[in-house]
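*Asks:* Before I ask anything, here is the structure I am working with.
The values are calculated or read from the model by the stated rules, or taken from the named source; none is laboratory data. Values in this document were obtained by computation on a predicted structure and should not be read as measured data. Cβ placement follows ideal geometry from the backbone for every residue including glycine, while neighbour counts extend to all protein chains displayed. The protein model used for the area step is the full one, side chains on, heavy atoms only, and it has no ligands, DNA or RNA in it. Shrake-Rupley method; radii C 1.70, N 1.55, O 1.52, S 1.80 Å.
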Amino acid sequence: MQSYDAILIGAGHNALVCAAYLLKAGYSVLLLEKNSIPGGAATTEELLPEEAPGFKFNPCAIDHLFIHLGSVVQELELEKYGLEYLFCDQVVFCPHPDGKYFFAHRSVEKTCAEIARYSPRDAQKYGEFIDFWQRVIGMLTPTFNAPPKSIVDMAGNYDMSKIKDLFSLMGSADETLDFIRTMFTSPLDVINEYFDSEFLKAPLARLAAELSTPPSQKNMAVGSIMMAMRHNPGMARPKGGTGALTQALVRCVQDLGGEIRTEQQVKQVLIDDGKVVGVKLANAQEYRSTMVVSSLDAQRLFLQLVDERDVDAADSQLRERVTRRITNHNEAILKIDCALSELPRFESHNHQDQYWIGSVLIADSVAQVELAHTDPNIGRIPIEDPSMYVVIPSMRDPSLAPEGKHTLWIEYFVPYQIAGAEGTGLNGTGWTEELKNQISDRVLDKLADYTPNLKSSIIARHIESPPELERRIGVSKGNYYHLDMTFDQMMFFRPLPELANYKTPIEGLFLTGAGTHPGGSISGLPGRNCARIILQTQHPLTQALSDTGDKVKSVAKSLFRRS
Ligand SMILES: Cc1cc2nc3c(=O)[nH]c(=O)nc-3n(C[C@H](O)[C@H](O)[C@H](O)COP(=O)(O)OP(=O)(O)OC[C@H]3O[C@@H](n4cnc5c(N)ncnc54)[C@H](O)[C@@H]3O)c2cc1C
């Protein structure tokens with residue numbers, strides 16, 4: 001039987017990142033992936049090989065923001081392994097029903113000039129809004145780049161500019177209290193405080209709600225960073241699609257001597273006397289290791305992959321807490337990908353091809369965006385007036401489609417479990433082929449209200465409902481962040497305080513992936529932070545010395561940059 005220093009369950013981008021750091025530290029590593037290709041929610045695939053050959057689609061993630069707040073790309077030298085990020089100079093376009101539109105560039109100044117055409121006051125406030133949230137990002141970035149309970153690690157990440165950001169927000173006692181008060185408010189409270197115009201408020205609400213809660217959700221003001229990040233560090237996509245990030249990570253892992261085996265579904269984590277000893281696959285094959293890292297979230301790990309007697313022996317409360325205290329709401333994504341013969345044109349909004357470089361939002365009003373999130377949570381499909389997030393990935397990267405043609409990516413929020421349809425459709429969720437096609441027709445009709453040539457340009461389409469996503473990559477209830485990204489499940493609360501530092505009560509069993517800090521999205525940071533904890537646990541002295549060297553270099557660099 002083969003044995004490894006570490007076995008990782010799943011080969012999504014976070015597991016690959018974690019594996020790469022362990023390999024760099026000299027570990028022998030095996031990744032076991034249930035699907036035929038690695039990547040999980042970070043792949044690029046020819047989804048329609050017969051109807052639309054040569055069109056490459058991103059079935060899940062498209063816009064990469066959080067990864068640019070960390071150093072995974074540089075530390076793992078992913079450019080050497082073929083990764084090239086294409087940054088977007090135009091980042092958001094949102095047409096408004098009255099003919100106005102929000103067109104955001106990477107440059108804040110250019111964006112303010114666009115807003116000023118309709119509202120000089122809102123343009124000025126936009127500059128202030130972005131400046132505030134940029135400083136919040138500066139303050140938070142060191143926390144994203146460290147295990148959540150490692151205060152020393154976090155503190156070490158604060159260079160001069162981030163300390164400046166921190167003090168600009170929390171200089172005096174009153175400023176600190178006011179800052180905390182802001183963080184307790186909702187994205188909508190903040191947007192209303194700054195702005196008057198609906199054409200601007202609706203897209204900002206839609207982006208803030210990308211953390212998967214309605215814009216009115218108290219304590220989620222932090223969602224406002226989703227717009228601020230599009231200015232800095234910027235929004236980018238790997239050349240060749242999101243899967244090109246995965247491919248670069250695969251090359252890196254293999255170059256460092258790691259093994260990735262696909263079509264290997266892990267069925268059980270093997271435990272002996274409270275310690276991990278390996279894993280067993282669905283086909284009964286076993287692999288041995290005294291360390292197993294799960295990139296599946298805590299609910300899947302402890303409720304499906306570990307024998308309940310082993311969980312109970314380690315912590316008698318854990319199964320109950322994982323089942324009932326971790327929240328996994330009913331909001332999920334209906335994903336629509338189309339092959340297009342031509343670019344959709346915004347006929348009533350002074351069409352410019354550049355609108356399609358960044359993300360296009362159909363967000364007519366704050367109320368529509370609010371319903372886009374509240375309806376799914378009570379099992380309703382917000383179909384009367386669909387809001388959506390749309391991208392034409394082939395616009396920034398023409399290699400994704402045959403010459404002159406385009407790919408279309410649509411994310412539309414729907415319930416996982418449809419109310420009143422319990423026990424029918426796929427997994428009893430109510431989702432059927434017929435329903436997903438009907439809903440997609442309506443979503444495309446809505447987009448066609450803005451781009452009349454859309455419908456006639458569709459060559460073929462691929463639709464994935466929430467239970468289909470669940471079946472494909474395993475995410476429970478189709479949750480695109482593994483677990484909800486609400487305030488109570490972030491940082492040292494993710495997924496639960498006792499599991500938040502990537503360790504579990506079972507010796508040798510670690511957690512990574514989107515269900516751990518800093519959460520879902522393309523960042524690689526759960527993978528990097530988890531590897532740090534493993535190395536700190538197993539080699540405290542070596543890791544401390546290496547960290548000290550890194551910190552000295554980083555502080556010197558930031559001082560040098562200032563002078
Ligand atoms: C439709 C959609 C759109 C998104 N859009 C964006 C976006 O634009 N930008 C962004 O930043 N983020 C986006 N996200 C979120 C982001 O893609 C994910 O948070 C991120 O990719 C999660 O990575 P991960 O490695 O933690 O987990 P995953 O990608 O889920 O990887 C886990 C892996 O484990 C495998 N697996 C599952 N069970 C087993 C098992 N029993 N044995 C072996 N292998 C197993 C799965 O097949 C998968 O490959 C989107 C997500 C979705 C679903």
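*Asks:* Taking 0.36 nm per intervening residue step and subtracting the Cα-Cα distance, what contour gain separates Asp174 from Arg319 on full extension?
*Replies:* In short, 48.0 nm is gained.
*Asks:* Putting +1 on Lys and Arg Cβ atoms and -1 on Asp and Glu Cβ atoms, find which of Pro376, Thr486, Ile459 reaches farthest to the positive end of the dipole of region 374-522.
*Replies:* Checked the options; the winner is Ile459.
*Asks:* Which FRET efficiency, nearest 0.05, do Lys149 and Lys218 yield, Cβ-Cβ r, R0 22 Å? It would help to have the intermediate numbers written out before the result.
*Replies:* Numbers: r = 26 Å, r/R0 = 1.16.
That gives a FRET efficiency of 0.30.
*Asks:* Sticking with this structure for a sec: Sequence neighbours fewer than 8 away in the same chain don't count; with that in mind, list the lysines whose C-alpha is under 21 Å from Lys162.
*Replies:* Lys149, Lys551, Lys553, Lys557
*Asks:* Give or take rounding to whole Å, what are the principal axis extents of the alpha carbon atoms in region 231-307, in descending order?
*Replies:* Result for region 231-307: principal-axis Cα extents of 50, 28, 21 Å.
*Asks:* Which of the peptides 199-207, 357-365 is most tightly packed, and how do the rest follow, judged by the mean count of other Cβ atoms within 10 Å per residue?
*Replies:* Details: 199-207: 27.8, 357-365: 24.0.
Descending packing order for the listed peptides: 199-207, 357-365.
*Asks:* I would also like to ask the following. Could you state the accessible area per residue of region 329-477 in Å², with a 1.4 Å probe and every protein chain left in place?
*Replies:* Details: 5280 Å² over 149 residues.
Computed with neighbouring chains in place, this is 35 Å² per residue.
*Asks:* Shifting gears a bit: Sorted by average packing, counted as other Cβ atoms within 10 angstrom per residue and highest first, what order do 276-287, 237-248, 52-63 take?
*Replies:* Values: 276-287: 16.2, 237-248: 23.7, 52-63: 22.0.
The peptides rank, most packed first, as 237-248, 52-63, 276-287.
*Asks:* While we're here: How compact and how long is region 329-477, expressed as Rg and Dmax of its alpha-carbon atoms in Å?
*Replies:* Every Cα atom of region 329-477 included, Rg and Dmax give 15.7, 48 Å.
*Asks:* Using r as the Cβ-Cβ distance of Gln538 and Glu422, and R0 as 51 Å, what FRET efficiency do you calculate, to the nearest 0.05? It would help to have the intermediate numbers written out before the result.
*Replies:* Working: r = 47 Å, r/R0 = 0.92.
Working from the Cβ atoms, E equals 0.60.
*Asks:* Using the Karplus equation 6.51 cos²θ - 1.76 cosθ + 1.60 (θ = phi - 60°), what ³J(HN,Hα) coupling, rounded to whole Hz, does each residue of region 238-245 give in order, writing x for Gly and Pro?
*Replies:* The phi angles translate into x, 4, x, x, 4, x, 5, 5 Hz.
*Asks:* Give me the tail of P(r) for region 65-171 as a percent: Cα-Cα pairs with distance above 25 Å.
*Replies:* Numbers: 2384 of 5671 pairs.
Here the long-distance tail beyond 25 Å is 42 percent of all Cα pairs in region 65-171.
*Asks:* Among Leu511, Asn529, Thr429, which residue has its Cα positioned farthest towards the positive end of the charge dipole of the chain, with +1 placed on the Cβ of Lys and Arg, -1 on the Cβ of Asp and Glu, and the dipole taken about the Cα centre?
*Replies:* Farthest towards the positive end: Asn529.
*Asks:* Moving on. Taking a quarter of the surface of the convex hull around the Cα atoms of the chain, what do you get in nm²? Mind dumping the intermediate values first?
*Replies:* On the way: hull surface 102.3 nm².
Mean shadow area of the hull around the Cα atoms is 25.6 nm².
*Asks:* Could you give the C-alpha radius of gyration of region 289-374 expressed as a fraction of 2.2 N^0.38 Å, taking N as the number of residues it contains? Numbers along the way, then the final one.
*Replies:* Working: Rg = 22.7 Å, N = 86, 2.2 N^0.38 = 12.0 Å.
Normalised Cα radius of gyration, region 289-374: 1.90.
*Asks:* Could you work out the mean projected area of the convex hull around the alpha carbons of region 126-232, in square nanometres to one decimal? Please report the intermediate quantities before stating the final value.
*Replies:* On the way: hull surface 28.2 nm².
That works out to 7.1 nm².
*Asks:* I need the fraction of alpha carbon pairs in region 8-71 separated by more than 16 Å, rounded to a whole percent.
*Replies:* Values: 1180 of 2016 pairs.
For region 8-71, the share of Cα pairs beyond 16 Å comes to 59 percent.
*Asks:* Given a cut-off of under 8 Å on Cα pairs at least six residues apart, what relative contact order in percent is computed for the chain? It would help to have the intermediate numbers written out before the result.
*Replies:* Numbers: 1201 pairs, mean separation 125.3, N = 563.
The normalised contact order for the chain reaches 22 percent.
*Asks:* When the distances between all Cα atoms of region 244-351 are binned every 10 Å from zero, what whole-number percent does each bin get?
*Replies:* In whole percents, the pair-distance histogram is 11, 27, 25, 19, 9, 7, 2.
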